[in-house]
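Undergrad: Pasting a structure below so you can have a look.
What follows is calculated from the coordinates using simple rules that are stated; it is not laboratory data. All values derive from a computational prediction rather than experimental measurement. Glycine gets a Cβ as well: all are built from the backbone with ideal geometry, and neighbour counts include every protein chain shown.
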Amino acid sequence: MVKKKIVALSTYLSELAVHGIQEKKGEDIVRLDLKNIHTSVADYFIITSANSATQVKAIADSVEKEIYKATQTDPRHKEGFESADWVILDYFDVVVHIFKTEKRHFYGIEELWGDAESTNYQSA
């Protein structure tokens with residue numbers, strides 16, 4: 001019963017993150033479901049692209065705001081705000097990756113987790 005509630009919470013957090021991304025026009029939004037991959041470090045990776053460092057930061061702020069507003073939860077860890085090429089927001093079971101477009105293609109996270117179930121979202 002507890003595991004089911006935890007999975008439901010991670011799904012909810014992932015949906016809040018996607019909404020925060022959509023609010024700031026993140027591009028090419030993908031949610032990777034990693035729950036069935038035994039070597040994964042989280043239940044979900046949320047990945048999006050932005051055209052500038054300013055937009056990367058705006059998206060990150062929006063995700064934090066949406067999740068905090070609904071759950072009063074801050075990320076366990078966050079990094080990348082200095083250069084804003086790739087910002088990571090770590091909510092334990094949900095990790096949000098916000099890339100400048102060229103950095104996303106360079107690192108290719110979706111290919112690294114190719115066995116994950118993938119859901120694509122449209123920008124708002």
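Undergrad: Fewest first, what order do Glu15, Glu102 take by the number of other Cβ atoms within 10 Å?
TA: Glu102, Glu15
Undergrad: If packing is taken as the average number of other Cβ atoms within 10 Å across a peptide's residues, how do 60-67, 38-45 rank, most packed first?
TA: 60-67, 38-45
Undergrad: Then there's this: Below 14 Å, Cα to Cα, which aspartates and glutamates can Lys24 reach? Residues fewer than 8 away in the same chain don't count.
TA: Once the sequence-local aspartates and glutamates are set aside, what remains near Lys24 is Asp61, Glu64, Glu66.
Undergrad: Report the rotationally averaged projected area of the chain based on its alpha-carbon convex hull, in square nanometres.
TA: Here the figure is 7.2 nm², rounded to one decimal.
Undergrad: Right, here's the next one. With +1 on the Cβ of every Lys and Arg and -1 on the Cβ of every Asp and Glu, and nothing else charged, how large is the dipole of the chain about its Cα centre, in debye rounded to the nearest 20?
TA: 340
Undergrad: Over all directions, average the projected area of the Cα convex hull of segment 11-61 and note it in nm².
TA: Its average projected convex-hull area is 3.7 nm².
Undergrad: Can you give me the relative contact order of segment 58-124 as a percent, contacts being Cα pairs under 8 Å and 6 or more apart?
TA: 19
Undergrad: Tell me the relative contact order for the chain as a rounded percent, counting alpha carbon contacts under 8 Å between residues six or more apart.
TA: 32
Undergrad: Rounded to whole Hz and in sequence order, give me ³J(HN,Hα) for segment 102-114 from the Karplus expression 6.51 cos²θ - 1.76 cosθ + 1.60, θ = phi - 60°, writing x for Gly and Pro.
TA: Running phi through 6.51 cos²θ - 1.76 cosθ + 1.60 with θ = phi - 60° gives 5, 6, 4, 5, 5, 7, x, 4, 4, 6, 5, 10, x Hz.
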